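Please read the structure below before turning to the comments.
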């Protein structure tokens, strides 16, 4: 699935027209926190790192992120492309600890 296709499909479940940006930004923070908790519990509490749980939480993060872009009328594909351009500029030869 292409990023812009995802963004359009995800928009179908967006609710409300007031305070959408705030709701999505807060939702993004909350879902990111749930993802972080999975990793924390794996790293420090010895819980298993469940692939399905990771996919679920990453999907929730993706949904909120796509809808922040939707609110700002930014194609999600543009977000992804700009991020790759930034990474290529910052790490032209790929990441390494010595650089």
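None of the figures in this text is laboratory data; all of them are computed from the coordinates on show. This structure is a prediction, so every number in the text was calculated from the model and none was measured. Here the Cβ is made from the backbone with ideal geometry for all residues, glycine too, and neighbour counts use every protein chain on show.
Using 0.36 nm per residue and subtracting the Cα-Cα separation, the extra length available between residue 91 and residue 56 on full extension is 9.6 nm. Approximating the spin labels as points 7 Å out from Cα along Cα→Cβ, the residue 6-to-residue 49 distance works out to 2.0 nm. Taking only the Cα atoms of the stretch 58-99, the radius of gyration and Dmax are 13.5, 40 Å.
Computing Rg and the Kirkwood Rh from the Cα coordinates of the stretch 3-90 gives a ratio, Rg/Rh, of 1.04.
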